[in-house]
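The values are calculated or read from the model by the stated rules, or taken from the named source; none is laboratory data. Since this is a predicted model, take the numbers as computed values, not measurements. Cβ: placed from backbone, ideal geometry, glycine included. Neighbour counts: every protein chain shown. Accessible surface areas use protein heavy atoms only, side chains included; no ligands, DNA or RNA. Shrake-Rupley method; radii C 1.70, N 1.55, O 1.52, S 1.80 Å.
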Amino acid sequence: MLETDYLIIGSGAVGMAFVDTLLAESDANILIIDRYKNPGGHWNVAYPFVSLHQPSQFYGVSSKELSNGHIDETGTNKGLYSLAKGSEINTYYADVMQNTFLSSGRVTYFPYCDYKGDGEFEHLETGQTQKVKVNKKVVDTTILGTSVPATHTPNFAIEEGVRFMPLNDLPKLKDLSKGFVVIGGGKTGIDACLWLLENQVNPNQITWIVSRDAWLLDRLNTQPEDEFFMSSIGSMAAQMEAITKANSIPNLFDRLEEVGVLVRLDKNVRPKMFHGATVSQLELEELRRIKNVIRLGRVQRLQKDQIVLDQGSITTTADHVHVDCSATAITPHDIRPIFDDSLITPQTVRSYQPVFSASLIAYIEAHYEDDKTKNTLCQVVLLPNHDTDWIRMLAAQLGNQFTWSQEKSLRDWLATNRLNGFGKLVKNVDSNDTEKMALLKRMRSASMPALMKLEQFITDLDAEEQSEIEKPQFQVNQNVFIRNRVVPIPTSDLQLDHGDVLVAIEKFAYTANNITYAVAGDTIGYWQFFPPAGENTAGWGIIPVWGFATVVESKTDDVPVGDRLFGYFPPAKYLKMKPVGTNERRFIDGSTHRAKLPAGYNIYQRVHNDITYNPEFDRERMLLFPLHLTSFCLWDALKSKNWYGAEQIVILSASSKTSTGLGYAFQADKSAPNVIGVTSARNQDTIKNLGIYDRCLSYKEVTTIDANLPTVIVDMSGNAKVLAALHVHLGEQMKFTSNVGLTHWAKTKPQEGIIAERSKFFFAPSHIQKRLKEWGADGFEQKTASFLRETAVKTKSWLTFKELNSLSELAAIHPQVCAGILPPEEGLIVVL
């Protein structure tokens with residue numbers, strides 16, 4: 001029996017890129033099985049004049065250059081980097097297999113073999129079978145299997161006598177004077193039309209059946225070398241800015257076309273398809289010479305005298321050559337986890353670049369331990385089909401880029417990976433080149449707003465479907481939590497056992513504090529309170545919220561139907577709970593998965609039995625009480641330390657509700673030092689007018705704070721850059737920093753200058769537990785209740801409430817909450 005660490009099924013482009021990186025990043029032994037006699041996958045049977053449609057620098061394997069480094073001087077690719085031909089690619093892969101893989105002594109290759117499963121494969125000529133023991137993992141690269149004209153079976157009927165051929169047979173024709181019908185509007189159809197035109201076929205003799213027009217990419221914007229920096233990186237910046245400015249999905253595509261990111265064949269026809277095909281402007285000019293473009297849907301039947309389509313028919317003749325270009329290059333598939341125990345299924349993690357994706361997946365496999373972390377770093381970017389798939393595709397890609405940027409070792413590797421063409425281009429920019437640096441700043445500044453706008457558009461696309469969900473639950477991506485979805489809760493999740501209750505959630509508040517729950521989801525355990533419901537939940541989580549719910553079904557005598565609760569809930573229509581420790585005023589949710597979580601979050605108040613309960617303060621209770629309780633604890637903790645000797649206290653993210661609550665606490669305490677509130681320039685006037693802080697500054701003004709005074713910082717923002725600048729500015733006078741919130745969650749990357757030894761994360765539940773032991777439950781409740789009521793009354797003078805009437809409406813506004821761009825004087829209440 002054979003034995004290997006990794007069994008690779010397929011030596012096509014994806015398999016070769018994966019093996020190349022795994023070989024470089026590990027000492028693993030690798031066995032490759034493939035149905036073809038030579039490496040390269042579909043390139044073995046591709047049509048003879050095929051070439052790449054993006055520069056060769058993006059293709060192949062990381063360790064060996066494919067590009068010849070030349071810029072074409074003739075043809076429709078003139079002025080752009082050369083595109084490798086199929087024959088060049090086959091030669092390239094044969095060389096990589098022989099001189100990189102096999103010569104390493106760690107790779108074994110079995111061509112012309114069919115994998116049967118369970119470690120068994122069969123030689124397609126001899127029928128001999130062999131077994132292989134896999135010590136680590138099987139890597140199935142066939143999910144992205146490419147369909148090519150030579151092996152494609154048309155999905156339409158063909159009458160006997162019709163001249164019909166795959167694209168591969170075009171060069172065999174000796175007489176090109178007859179008419180041609182090209183069937184297919186994708187990249188293969190484009191190649192067929194360009195070949196005919198290049199071979200002097202009169203464009204009037206070409207009929208081009210295009211079932212759906214496509215948005216196309218301009219090849220000028222894909223050039224990965226320095227002389228094209230302004231067009232390539234410039235198009236990225238223009239793309240981000242266009243997304244940010246778009247006010248609707250149609251307007252988005254109009255703006256993308258206006259700035260040259262997307263192009264189309266006919267300005268009068270609105271594309272409905274996007275497959276990522278790339279063309280040059282010269283190719284586009286050639287294609288527009290073909291005037292007989294048929295847009296009547298898909299072909300149903302080819303007859304000797306007519307072609308029947310979805311929306312009509314056109315005439316043809318027995319002399320016309322009908323060229324099949326209807327194969328889809330890479331068939332869209334159901335997304336599945338890339339890492340699943342002993343199976344790796346490579347899929348695209350960056351748009352248009354399956355080989356880069358395979359290389360990165362191999363690196364992740366070699367350097368990270370658990371599947372959860374690996375899948376977090378390798379979120380699948382779907383293969384586009386419809387025009388609006390461009391939105392989902394780019395959002396997923398930007399999310400991955402953000403995640404990768406948080407991993408230093410991964411960032412360093414990406415900078416050296418040959419397949420990451422633009423990474424090298426950006427890395428090599430001279431910091432003294434003001435023009436290029438300005439362009440990079442434009443691109444980076446617009447990236448996060450663009451991602452948020454894309455997520456808003458995705459919510460719009462999903463809204464109609466989500467509105468029909470009877471038992472909805474709002475989920476966010478644990479890795480890129482701007483991304484969200486509304487999914488149905490399976491009925492089985494809501495079936496009660498003895499001792500359970502089912503509650504219908506009435507309403508809840510949603511603030512920047514909820515985003516902090518997401519940022520700290522793994523470190524503190526917020527993701528564990530409410531496991532996500534439904535299918536494909538890997539990487540998805542529930543952000544807890546504070547709100548009210550009513551018991552609608554009960555299998556315990558202690559908590560009857562109709563009981564009304566205040567506490568910690570998921571943003572969902574229903575929740576199954578298991579009350580324990582029940583008394584007249586409260587109970588604890590004793591569900592097994594919550595047993596080790598902070599106790600304060602598991603307590604539910606039975607408000608009908610609370611003599612102090614006033615329904616007029618429901619909105620304040622949901623929105624402010626949880627936040628102002630943290631404010632109280634912060635004030636109490638700092639006061640107990642005599643303010644660490646500080647003569648001034650600086651609050652970062654002073655517009656947050658927790659900050660304003662803390663401001664009220666300091667304002668009421670005559671022994672408290674002066675308080676400086678720091679907020680965005682956008683919110684500065686609003687916060688200044690509240691009169692809570694002694695002084696109000698913007699983030700750019702933090703270095704104007706008096707550095708001669710001993711200072712305490714309360715950081716609600718998590719903005720490491722601002723905090724580092726303030727620490728450096730204050731130096732020894734920075735006596736203590738209490739790290740509380742993460743409202744600037746996208747800017748938490750560690751920075752030099754932060755004084756870690758005088759900084760500490762503040763976790764309110766721990767302080768609550770401390771005071772409960774010291775003051776007792778009644779004493780704690782008395783002190784906090786009076787504070788909460790007083791601050792709620794003060795806040796009424798300026799706080800307004802905005803009601804959302806469904807989880808779909810929450811999904812739509814969620815990116816704005818993540819971005820922190822909602823007015824500070826506005827509070828969100830979701831009513832279900």
- Query: If you go through the range 676-687 one residue at a time, do you hit one that is within 29 Å of Val793 (Cβ to Cβ) and open to solvent by 50 Å² or more (accessible area, probe 1.4 Å)?
  - Reply: yes
- Query: Failed condition for Lys735, given (1) more than 19 Å from Leu627 (Cα to Cα); (2) open to solvent by 70 Å² or more (accessible area, probe 1.4 Å); (3) modelled with pLDDT under 90, with all others met?
  - Reply: (3)
- Query: How many residues are of a type in the set (S, T, N, Q) and either touching a residue at least 12 places away in the same chain (Cβ under 8 Å) or surrounded by 12 or more Cβ atoms within 10 Å (Cβ to Cβ) (or both) if we restrict to the range 120-136?
  - Reply: 3
- Please state which of the following conditions Asp500 fails to meet, knowing it meets all the rest: (1) acidic (Asp, Glu); (2) open to solvent by 20 Å² or more (accessible area, probe 1.4 Å); (3) farther than 20 Å from Val486 by Cα. (2)
- Message: I need the full set of residues from the range 770-810 which are open to solvent by 80 Å² or more (accessible area, probe 1.4 Å), part of a helix (DSSP H, G or I) and either in contact with a Leu (Cβ under 7 Å, 6 or more places away or on another chain) or polar (S, T, N, Q) (or both), in order please.
- Response: Gln782
- Query: Cβ-Cβ below 7 Å, separation at least six or inter-chain, first residue in the range 423-440 and outside any helix (DSSP H, G or I) and of a type in the set (Ser, Thr, Tyr), second at pLDDT 90 or above and open to solvent by less than 100 Å² (accessible area, probe 1.4 Å): which pairs?
  - Reply: Ser431/Met437
- Query: With respect to the numbered conditions (1) modelled with pLDDT under 95; (2) surrounded by fewer than 19 Cβ atoms within 10 Å (Cβ to Cβ), which one is the sole condition not fulfilled by Gln57?
  - Reply: (2)
- Item | Evaluation of Thr222 against (1) farther than 26 Å from Leu265 by Cβ; (2) open to solvent by less than 20 Å² (accessible area, probe 1.4 Å) (one fails), failing number | (1)
- Within the range 174-201, the residues that are surrounded by fewer than 14 Cβ atoms within 10 Å (Cβ to Cβ) and not acidic (Asp, Glu) are Lys174, Ser177, Asn199, Gln200
- Of the residues in the range 629-683, how many are part of a helix (DSSP H, G or I) and either of a type in the set (Gly, Ala, Ser) or under 32 Å from the mean Cα position of the chain (by Cα) (or both)? 12
- Task: Report, by residue number, each residue of the range 232-267 that is open to solvent by less than 30 Å² (accessible area, probe 1.4 Å) and among the hydroxyl-bearing types (Ser, Thr, Tyr).
- Result: Ser232, Ser235
- Query: Out of (1) closer than 23 Å to Asp618 by Cα; (2) open to solvent by 20 Å² or more (accessible area, probe 1.4 Å); (3) touching a Leu at 6+ places or on another chain (Cβ under 8 Å); (4) not hydroxyl-bearing (Ser, Thr, Tyr), the odd one out for Phe762 is which?
  - Reply: (1)
- Task: Tell me, please, whether a residue that is surrounded by fewer than 19 Cβ atoms within 10 Å (Cβ to Cβ) and part of a loop (DSSP other than H, G, I, E, B) can be found in the range 84-100.
- Result: no
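Considering only strands (runs of 3 or more DSSP E) fully contained in the range 284-358, which possess at least 2 residues that are of a type in the set (A, V, I, L, M, F, W, C) and open to solvent by less than 50 Å² (accessible area, probe 1.4 Å)?
Details: elements: 299-302, 306-309, 312-315, 321-324.
In the range 284-358, 299-302, 306-309, 321-324 are the strands (runs of 3 or more DSSP E) which contain 2 or more residues that are of a type in the set (A, V, I, L, M, F, W, C) and open to solvent by less than 50 Å² (accessible area, probe 1.4 Å).
Go through the range 363-383 and give me each residue that's of a type in the set (D, E, K, R) and either part of a helix (DSSP H, G or I) or touching a residue at least 60 places away in the same chain (Cβ under 8 Å) (or both).
Of the residues in the range 363-383, the ones of a type in the set (D, E, K, R) are 365, 369-372, 374.
Matches in the range 363-383: Glu365, Asp371, Lys372, Lys374.
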- Item | Positions within the range 384-407 being closer than 27 Å to Lys64 by Cβ, assigned to a helix (DSSP H, G or I) and open to solvent by 20 Å² or more (accessible area, probe 1.4 Å), in sequence order | Gln397, Gln401
- Taking strands (runs of 3 or more DSSP E) that do not extend beyond the range 127-210, which have at least 2 residues that are more than 30 Å from Leu22 (Cα to Cα)? 164-166, 180-183, 206-209
- Task: Name, by its number, the condition in (1) at pLDDT 90 or above; (2) in contact with a Lys or Arg (Cβ under 6 Å, 6 or more places away or on another chain) that does not hold for Leu810.
- Result: (2)
- Query: Would a scan of the range 50-69 turn up a residue that is in contact with a strand residue (DSSP E or B) (Cβ under 9 Å, 6 or more places away or on another chain) and in a strand (DSSP E or B)?
  - Reply: yes
